[in-house]
Amino acid sequence: VVRRPRAGVRVASLSQNDVFEILTFREGLEQMAVTHLYRFTDDIADVDATELDAALVRLADEFENGDDEFGRIQASYAFHTELVRLCGNSRIVSSYRQITMQVKLCMSLNLRRLNTVETPSENVARHRDLRAAVLSGDVNRALDAISGHGHDTFAREFLDTLPGGTERSAQWLDA
């Protein structure tokens with residue numbers, strides 16, 4: 001919902017370019033957070049991953065024991081937020097949180113698509129693998145894991161049907 005001064009509210013529509021920008025911004029922030037983590041941490045093995053691990057437990061519970069799509073989106077978002085928080089940079093975390101609703105909308109679309117190609121247990125395993133890669137001590141493995149995590153799985157299926165495409169969003173779709 002978008003609030004417009006003196007005009008009320010309306011349901012926001014997403015263009016192809018909007019989705020492109022949201023997804024690439026999200027991935028870029030997650031990669032920036034990991035790069036920052038590795039650059040300013042002497043030993044990745046010393047990183048306190050307690051909150052990330054707790055978020056992963058909640059995610060596993062939602063996917064393996066629940067059937068509430070909203071709960072799954074919340075748990076997925078919480079996991080990714082904790083992943084970003086590992087970097088210790090409040091401005092990166094704040095930027096990630098500023099796009100919360102947009103990221104959750106894309107997560108919702110992505111989960112609907114992923115539900116047709118992976119089981120809830122496979123989704124949890126994918127997040128466990130991401131956690132392991134980010135905390136592996138190998139920054140390249142961590143960055144590759146973020147790129148390959150599947151933020152944009154849904155987009156490949158329907159994004160070309162949305163209006164408002166740009167050269168850049170079309171180029172991204174073709175990649």
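The values are calculated or read from the model by the stated rules, or taken from the named source; none is laboratory data. Everything quoted here is computed from the prediction, not taken from an experiment. Virtual Cβ from ideal backbone geometry, glycine too; neighbours counted across all protein chains shown. Heads up: the accessible areas ignore ligands, DNA and RNA and are worked out on the full protein's heavy atoms, side chains in. Shrake-Rupley method; radii C 1.70, N 1.55, O 1.52, S 1.80 Å.
Leaving ligands, DNA and RNA out of it, report the carbon-plus-sulfur percent of the accessible area of the chain at a 1.4 Å probe. Before the final figure, lay out each step's value.
Details: 4700 of 9770 Å².
So the carbon and sulfur contribution to the accessible surface is 48 percent.
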Once the other residues with Cβ under 9 Å from the Cβ of Leu56 are scored (Lys, Arg +1; Asp, Glu -1), what is the net sum? +1
Using modelled amide H (1.01 Å from N, peptide plane; none on Pro or chain starts), what sits under 5 Å from the amide H of Gly164, excluding residues fewer than 5 places away? Gln16
For the chain, what's the relative contact order in percent, using C-alpha pairs closer than 8 Å and at least 6 residues apart? 34
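Quick check on the chain: helices-only [θ] at 222 nm, where DSSP H runs of length 4 and up contribute -39,500 (n - 2.57) each and the sum goes over total residues. Nearest 500, please.
Details: 9 runs with 117 residues, N = 175.
After summing the helix terms and dividing by residue count, I get -21000 deg cm²/dmol.
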Quote the charge dipole size of the stretch 70-146 about the Cα centre in Debye, to the nearest 20; the model charges only the Cβ of Lys and Arg (+1) and of Asp and Glu (-1). 280
Estimated D of the stretch 31-87 in µm² per second, where Rh is the Kirkwood radius over Cα pairs and Stokes-Einstein applies at 20 °C, 1.002 mPa s: 177
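Length gain on complete extension for the stretch Ile99 to Thr119, per 0.36 nm per residue less the alpha carbon to alpha carbon distance?
This chain segment gains 4.5 nm when fully extended.
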Most fluctuating of Arg85, Arg141, Arg131 in the GNM of the chain (C-alpha, under 10 Å) is Arg141
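Rounded if a/c is under 1.5, else prolate if a/b is larger than b/c, else oblate: which is the chain, with a ≥ b ≥ c the root eigenvalues of its Cα gyration tensor?
Values: a/c = 1.56, a/b = 1.41, b/c = 1.10.
Because a/c hits 1.5 or more and a/b exceeds b/c, the chain counts as prolate.
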